[in-house]
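Asker: Here's a structure for you.
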Amino acid sequence: MSFGTAAERRSRPAPDDPCPCGGGTFGTCCGRILAGRPAPTAEQLMRSRYTAFAVGDAAHLRATWHPSTAPESLTLDPAMRWDGLEIIDATTAADDRRATVEFRARWHDAPSGQRGVLHEVSRFRRAAGSWYYLDGEVS
């Protein structure tokens with residue numbers, strides 16, 4: 001499986017820099033999760049996955065994708081830039097094993113200047129104490 005190489009990664013923010021997801025400083029927000037700490041909530045996992053796209057960390061995306069729905073390969077577009085994340089709603093089921101997160105993520109393609117917004121309702125599953133991304137409905 002190809003999920004990107006270290007050469008494809010963009011530089012990560014410093015611990016005191018703003019987190020790309022908008023949730024605080026990188027070191028106290030997504031930095032810990034990208035370093036391997038389990039996300040405490042599905043929303044925080046969603047934020048860390050957005051940040052992984054923003055910094056080009058395909059390995060984190062693969063590690064947090066549920067094996068039943070993960071693609072065989074993932075190639076991140078180095079021209080794609082993620083400009084901001086808005087969490088619209090986050091809901092966790094009473095059993096604390098299923099959750100959904102609705103979000104909007106702004107993006108632009110660096111070479112063409114094209115801009116857009118990805119609107120998705122993502123589904124998550126908790127297994128063995130960790131949250132995993134299952135899939136999402138894009139609208």
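The values are calculated or read from the model by the stated rules, or taken from the named source; none is laboratory data. This structure is a prediction, so every number in the text was calculated from the model and none was measured. Ideal geometry is used to build each Cβ from the backbone, glycine not excepted, and the neighbour counts take in all protein chains shown. The area values use the complete protein model at the heavy-atom level, side chains included, leaving out ligands, DNA and RNA. Shrake-Rupley method; radii C 1.70, N 1.55, O 1.52, S 1.80 Å.
Asker: So if R0 is 41 Å, what FRET efficiency would ALA93 and GLN114 give, r being the distance between their Cβ atoms, rounded to the nearest 0.05?
Answerer: Step by step, r from the Cβ atoms, then E = 0.65.
Asker: According to the square roots a ≥ b ≥ c of the eigenvalues of the Cα gyration tensor, what is the shape class of the chain, taking rounded for a/c under 1.5, prolate for a/b larger than b/c otherwise, and oblate for the remainder?
Answerer: Values: a/c = 1.35, a/b = 1.32, b/c = 1.02.
Note, shape of the chain comes out rounded.
Asker: Another question, then. Provide the packing ranking of 111-117, 31-37, i.e. peptides ordered by the mean count of other C-beta atoms within 10 Å per residue, highest first. Don't jump to the answer; show the numbers that get you there.
Answerer: Numbers: 111-117: 9.3, 31-37: 15.4.
Order by mean packing, descending: 31-37, 111-117.
Asker: What number, rounded to the nearest 500 deg cm²/dmol, is the helix-based mean residue ellipticity at 222 nm of the chain, given -39500 (n - 2.57) per DSSP H run of at least four residues and division by all its residues?
Answerer: -5000 deg cm²/dmol
Asker: Please compute the contact order of the chain in relative form: average sequence separation of alpha-carbon pairs under 8 Å and at least six residues apart, divided by the residue count, as a percent.
Answerer: Dividing the mean separation by the residue count of the chain yields 22 percent.
Asker: By average Cβ neighbour count within 10 Å, what is the ranking of 43-49, 22-28 from highest down? Numbers along the way, then the final one.
Answerer: On the way: 43-49: 25.0, 22-28: 15.7.
Packing order, densest peptide first, comes out as 43-49, 22-28.
Asker: With a probe of 1.4 Å, find how much accessible area segment 59-139 has per residue, and write the answer as a whole number in Å².
Answerer: Using a 1.4 Å probe on heavy atoms only, each residue of segment 59-139 averages 58 Å².
Asker: For segment 100-139 and segment 13-74, compute the distance between their C-alpha centroids and round to whole Å.
Answerer: Value for the Cα centre distance between the two parts: 12 Å.
Asker: Also: Roughly to the nearest percent, how much of the accessible area of the chain is carbon and sulfur, given a 1.4 Å probe?
Answerer: The computed percentage sits at 50.
Asker: Could you compute the FRET efficiency for THR25 and GLU72, with r as their C-beta to C-beta distance and R0 at 30 Å, rounded to 0.05?
Answerer: Once the sixth-power term is evaluated, E becomes 0.30.
Asker: I want to verify a result. In a Gaussian network model of the chain, Cα cutoff 10 Å, which of these has the top mean-square fluctuation: ALA110, ALA58, ALA39?
Answerer: Sorting by GNM fluctuation, first place goes to ALA110.
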